[in-house]
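Inspection log for the structure reproduced underneath, given as structure tokens.
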Amino acid sequence: MMKKIATGLLAVAATTAMALALPSAAGATTTATTAASATSAGYDFADSWGPVHARHGLAKAQGWIGVEWDDEQESNTVHVRGRLYDLDNRTYAKGGKCAYVKFQAADFDHDWSTVYTKKYCGFPGYKKFQFETDEVFSLRAKVCQVGPHGGHPTRCGHWSYLYTAETE
């Protein structure tokens with residue numbers, strides 16, 4: 001309970017600081033609405049993430065993350081939604097590749113493991129995805145490209161950290 005109250009106060013402080021930094025009132029309203037709807041939806045932490053790009057910008061992913069803690073604040077469930085965009089307009093015969101996103105989670109012992117991957121071939125479109133995973137201390141995403149028939153992902157961008165429990 002105390003963690004939820006503290007998280008709420010931090011969210012209000014962060015929203016206020018963000019609103020003061022934004023140049024328009026419309027942007028401040030959107031930020032406040034997002035924070036308020038996250039709290040009212042029952043999430044202890046919620047935010048949008050991305051875009052995360054592959055090297056050379058030929059694929060990207062972006063979306064939303066929400067974290068729910070149990071009543072004892074000892075375990076959590078992380079919910080992720082997003083879209084994976086294939087931005088490579090080359091034909092496969094000319095070297096075109098598909099978009100690929102990989103998510104890794106660190107548990108409370110700080111051991112990283114892959115929890116979700118998605119591939120999408122279909123310039124200029126996107127593919128929606130969603131997943132959830134439990135017992136997450138930290139979550140990160142990396143966007144790459146991969147051949148239309150699989151193989152090893154290439155042209156990966158850097159890891160983008162989407163959530164860490166210690167910052168909550």
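The values are calculated or read from the model by the stated rules, or taken from the named source; none is laboratory data. Owing to the predicted nature of the structure, the values given are computational and were not obtained by experimental measurement. Heads up, the Cβs are rebuilt from the backbone with ideal geometry, glycines too, and the neighbour counts pull from every protein chain shown. Only protein heavy atoms, including side chains, enter the accessible area calculation; ligands, DNA and RNA are left aside. Shrake-Rupley method; radii C 1.70, N 1.55, O 1.52, S 1.80 Å.
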| field | Hits in the stretch 48-105 (condition: basic (Lys, Arg) and either surrounded by 14 or more Cβ atoms within 10 Å (Cβ to Cβ) or touching a helix residue (DSSP H, G or I) at 6+ places or on another chain (Cβ under 6 Å) (or both)) | value | Arg55, Lys60, Arg81, Arg83, Lys97, Lys102
| Does any residue of the stretch 147-161 turn out to be within 20 Å of Arg55 (Cα to Cα), basic (Lys, Arg) and touching a helix residue (DSSP H, G or I) at 6+ places or on another chain (Cβ under 8 Å)? | yes
| request: Would you mention how many residues in the stretch 125-151 are open to solvent by 90 Å² or more (accessible area, probe 1.4 Å) and at pLDDT below 95? | output: 1
| field | Hits in the stretch 51-96 - residues which are among the hydroxyl-bearing types (Ser, Thr, Tyr) and in contact (Cβ under 8 Å) with a residue 60 or more places away in the chain | value | Ser75
| field | From Ser113, Ser75, residue being of a type in the set (Gly, Ala, Ser) and within 22 Å of Asp47 (Cβ to Cβ) | value | Ser75
